[in-house]
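Below is one structure, written out as structure tokens, with a few remarks after it.
The values are calculated or read from the model by the stated rules, or taken from the named source; none is laboratory data. Remember, it's a predicted structure, so these values are computed and weren't measured experimentally. Cβ placement follows ideal geometry from the backbone for every residue including glycine, while neighbour counts extend to all protein chains displayed. Note: accessible area is taken over every heavy atom of the protein model, side chains too, but ligands, DNA and RNA are not part of it. Shrake-Rupley method; radii C 1.70, N 1.55, O 1.52, S 1.80 Å.
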Amino acid sequence: MARKFSDLHCHNHMRAHLHMQEKRSTYEKKDEFSPWTVISSNRAGYVKGKMGASYSQCDLVKAWNGNVRLTFNSLYPLERQFVLGLDKINSSDLLNIVVGVSTHDKLPLRDLIQTFYMRIPRKTVNHVQSEKYDYWESLQREFEFVLMDSGKRIDCNKIHTTGVIRRIFENEKKRATKFRDELWAENARYLIPESAEELAESLQSDDEITMILTIEGSHALGTDLLEKGKISIDEISKRIQLIKNEWKVPVFFITFSHHFNNNLCGHAHSIPDKGKILLNQVNNMNKGFTDHGRRIVLELLGLDNNLQKDSNLGYRILIDVKHMSACGRQEYYKHIVRPCLAKGDKIPVIASHCGFSGVKTLQDHINCFHKEKDDYSDESKKYNAWNINICEEDIEMIVKTDGLFGLSFDQRILGITKESKKTKRNGIELLWDNIEGIAKSAFGNDNLSETEKSKIWKCMTLGTDFEGLIDPIDHYPTVLEFELFSNNLIFEIEQARKDPKAKHLAHLKSREDTEALVDDFCYNNAEAFVRANYPR
């Protein structure tokens with residue numbers, strides 16, 4: 001029986017939606033306006049495993065053919081800072097100043113960069129740059145897009161080839177025949193469950209993709225307007241209730257912070273040094289919760305100010321701590337997660353698409369904010385030690401709350417440096433280093449009982465961040481390489497368990513045990529988690 005896969009954080013619809021959203025009527029006339037439509041990729045970028053902009057990493061066709069049968073599909077209104085110029089050039093370097101000035105959004109070079117780098121049509125870039133662009137409105141359009149084909153079985157998907165020249169010289173049918181797994185799906189279906197009962201039915205079927213909806217970034221609620229006085233915090237609360245009460249299907253979790261200020265909680269440093277020429281994420285970076293943020297996180301969780309469940313606040317939308325600053329996580333655990341756990345209300349901690357930082361505590365991260373330059377690593381030089389990654393304290397909280405960690409496939413997040421980018425480490429070795437580092441952390445944690453320590457193997461899964469414009473691990477640029485990854489992982493674990501000192505692998509007595517552990521990591525852990533926590 002073929003191995004099934006899940007992905008705790010990805011964007012299955014993102015490429016199609018960004019490409020078609022501003023020309024909906026045009027694509028509707030061609031019967032192409034659908035999450036199933038494949039925007040034809042640049043195969044050269046895919047084959048070389050380059051950054052996932054010129055090719056799709058996890059569109060629904062690839063997910064279907066890669067046997068991804070459980071996907072946590074994240075809605076993400078593109079943050080406008082990605083397509084706007086800097087308000088202030090924070091550099092004295094002449095080259096940086098020239099680049100910063102010439103790439104302002106009022107000049108054409110910025111549009112060209114976004115069009116060719118992010119592969120977003122210029123009309124979409126112009127819309128995001130405009131004053132008309134509204135995160136909340138964009139979120140609702142995205143929701144409607146992914147919902148439109150839920151529960152429908154398609155005979156086959158459509159393929160859209162971008163560019164007049166490509167359409168003249170490329171034959172879509174021939175490409176679909178030659179690269180079938182990348183471009184073609186038949187008799188396929190995905191379903192976004194409306195309830196726990198519908199979820200259970202969907203998970204029992206290998207003949208459909210079970211899609212769980214999540215949101216990446218609280219900015220999606222329109223919180224950017226708070227600082228401009230154009231919206232009240234009460235209106236943000238009403239929007240949460242609209243999602244909970246009026247959306248046909250539930251939102252499972254929300255990645256509370258993202259790359260830029262959302263006026264609710266500080267974001268972790270995430271943009272490498274070169275990116276600072278074009279992007280400035282300093283505002284509220286590495287800070288904690290605001291007063292508004294404390295209110296909103298409780299309302300999402302369905303809690304009143306005394307941390308009591310309040311049915312008037314609706315079902316619980318879980319909190320994903322990826323991108324949340326170490327200060328924010330420290331506050332979240334201290335004032336919400338730990339007190340609730342003490343009185344029997346277990347709020348699972350989710351870190352949906354991370355690496356291991358190799359750092360012990362959140363306070364250690366806070367003390368080292370100033371060290372977060374490119375290639376900043378932990379003492380072992382194995383891990384990316386930026387506070388965007390999880391430390392041992394985070395791992396402890398994930399275990400104690402029966403939470404879930406999703407392993408990112410972004411090579412920089414996982415610890416690839418300039419020196420190691422072209423080495424053999426940029427493959428299964430890197431992924432296994434992060435998995436094993438987390439397991440060793442749990443088994444070496446005196447705050448966890450022996451039973452809790454072993455639970456770490458039920459608290460990890462895939463969380464690739466595919467379609468988030470990441471630079472993927474060499475050899476695994478898309479979901480079509482999941483099977484190769486799983487077989488390589490089995491080999492790595494089989495070698496590692498031969499070490500008599502490997503206490504974290506002592507329960508593995510045979511290859512069958514190892515294969516079962518990999519099956520858990522690739523699919524079963526995520527399925528068990530969503531079954532236990534689906535809100536309706």
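Which residue out of Phe409, Phe405 is of a type outside the set (A, V, I, L, M), surrounded by 20 or more Cβ atoms within 10 Å (Cβ to Cβ) and in contact with a Cys (Cβ under 7 Å, 6 or more places away or on another chain)? First the steps, then the outcome.
Numbers: Phe409 fails: in contact with a Cys (Cβ under 7 Å, 6 or more places away or on another chain).
Going through Phe409, Phe405 in turn, the sole match is Phe405.
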Ile192: passes all of (1) out of contact with any Phe, Trp or Tyr (no Cβ under 6 Å at 6 or more places or on another chain); (2) closer than 19 Å to Glu79 by Cβ but (2)
Subset of the range 196-231, residues of a type in the set (Ser, Thr, Tyr) and open to solvent by 30 Å² or more (accessible area, probe 1.4 Å), comes to Ser205
Counting only residues that are open to solvent by 20 Å² or more (accessible area, probe 1.4 Å), modelled with pLDDT of 95 or more and not hydrophobic (A, V, I, L, M, F, W, C), the range 414-431 contains a total of 1
Counting only residues in the range 391-403 that are assigned to a loop (DSSP other than H, G, I, E, B) and not polar (S, T, N, Q), the one farthest from Trp457 (Cα to Cα) is identified as Cys391
Of the conditions (1) open to solvent by 30 Å² or more (accessible area, probe 1.4 Å); (2) touching a strand residue (DSSP E or B) at 6+ places or on another chain (Cβ under 8 Å); (3) at pLDDT 95 or above, the single one that Thr162 does not satisfy is (3)
Of all helices (runs of 4 or more DSSP H) fully inside the range 457-536, the set with 3 or more residues that are modelled with pLDDT of 95 or more and in contact with a strand residue (DSSP E or B) (Cβ under 9 Å, 6 or more places away or on another chain) is 482-496, 525-533
Being in contact with a helix residue (DSSP H, G or I) (Cβ under 7 Å, 6 or more places away or on another chain) and farther than 25 Å from Tyr46 by Cβ narrows Ile473, Ile438, Ile428 down to just Ile438
Thr464 meets each of (1) open to solvent by less than 50 Å² (accessible area, probe 1.4 Å); (2) within 30 Å of Leu183 (Cβ to Cβ); (3) without any contact (Cβ under 8 Å) to a residue 40 or more places away in the chain with one exception, condition (3)
Among Gly415, Gly358, Gly406, Gly437, the single one that is touching a residue at least 12 places away in the same chain (Cβ under 8 Å), in a strand (DSSP E or B), out of contact with any Pro (no Cβ under 6 Å at 6 or more places or on another chain) and among the small types (Gly, Ala, Ser) is Gly406
Across the range 494-518, the tally of residues that are buried (at least 18 other Cβ atoms within 10 Å of the Cβ) and touching a Leu at 6+ places or on another chain (Cβ under 7 Å) stands at 5
The residue that is least open to solvent (accessible area, probe 1.4 Å), considering only those in the range 361-390 that are assigned to a helix (DSSP H, G or I) and without any contact (Cβ under 8 Å) to a residue 12 or more places away in the chain, is Asn367
Picked from the range 75-104 (must be of a type in the set (S, T, N, Q) and open to solvent by 30 Å² or more (accessible area, probe 1.4 Å)), the residue modelled with the highest pLDDT is Gln81
Output for Cβ contacts, cut-off 8 Å, separation at least six or different chains, first residue in contact (Cβ under 8 Å) with a residue 12 or more places away in the chain in the range 493-518, second assigned to a helix (DSSP H, G or I) and open to solvent by 70 Å² or more (accessible area, probe 1.4 Å), reads Glu494/Arg511; His504/Lys440
